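*Asks:* One structure follows; several queries about it will come next.
The values are calculated or read from the model by the stated rules, or taken from the named source; none is laboratory data. Please read all numbers here as calculations on a predicted model, not as lab measurements. We place every Cβ from the backbone using ideal geometry, glycine too, and count neighbours over all the protein chains shown.
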Amino acid sequence: MPLKNAFRTLGLVILWLTGCHQAPSGRSGSPAIVGAWIVRAPEAPFPLHMFVFHSDGTVEQSNPDAGDPDTSDSNLMGAWLADRDGFKGKVIELTADRTTHRLVSRGEISFALKVSGNVLSGTARALFYDVNGQQVRGPLQTRLEGERVLP
């Protein structure tokens, strides 16, 4: 019986060490940008976006396909880093023709942001390239204003 209890205790300790940790947020020692944000980009084809900044320096962005009736371009992924008193990064989108399902372009959207509590602001600049890597559009710019998603 003592051996059985020892294994049970060891198992609980392992579960606690591997599974019980606080989720990162802008207020818990992680960089202020870490978390989920609803972001307004007034000059973009669709003005509302969701951004999720992860503590490992990766970022995901999503918006409805409705911004462009000809191509599918709703999800972007990229990286960010701290830059002086703010943050900078880049997200990449791949657009596909809705009819042929072929690649139309690769969009590279770089951004510079400042975070103050649960509010962010900054700018984004977009360049678009065809399948051969030739620039076909841009640079396009937009302002970014966002609010942190809170539970």
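*Asks:* Report, by residue number, each residue of the stretch 102-151 that is under 24 Å from Asp85 (Cα atoms), of a type in the set (A, V, I, L, M) and surrounded by 14 or more Cβ atoms within 10 Å (Cβ to Cβ).
*Replies:* Ile109, Ala112, Leu113, Val115, Leu120, Ala124, Ala126, Leu144
*Asks:* Can I ask one more? Of the residues Gly29, Gly86, only one is out of contact with any Phe, Trp or Tyr (no Cβ under 9 Å at 6 or more places or on another chain), of a type in the set (Gly, Ala, Ser) and at pLDDT below 90; which? Walk me through it before giving the result.
*Replies:* Details: Gly86 fails: at pLDDT below 90.
The match here is Gly29.
*Asks:* Moving on to the next point. Check whether at least one residue in the stretch 105-128 is modelled with pLDDT under 95, over 19 Å from Phe46 (Cα atoms) and not in a strand (DSSP E or B), and report yes or no.
*Replies:* The answer is no; no qualifying residue exists.
*Asks:* Moving on to the next point. Spot the failing condition for Gly146; the list is (1) farther than 20 Å from Thr71 by Cβ; (2) without any contact (Cβ under 8 Å) to a residue 24 or more places away in the chain; (3) of a type in the set (Gly, Ala, Ser), and only one is missed.
*Replies:* Unmet condition: (2).
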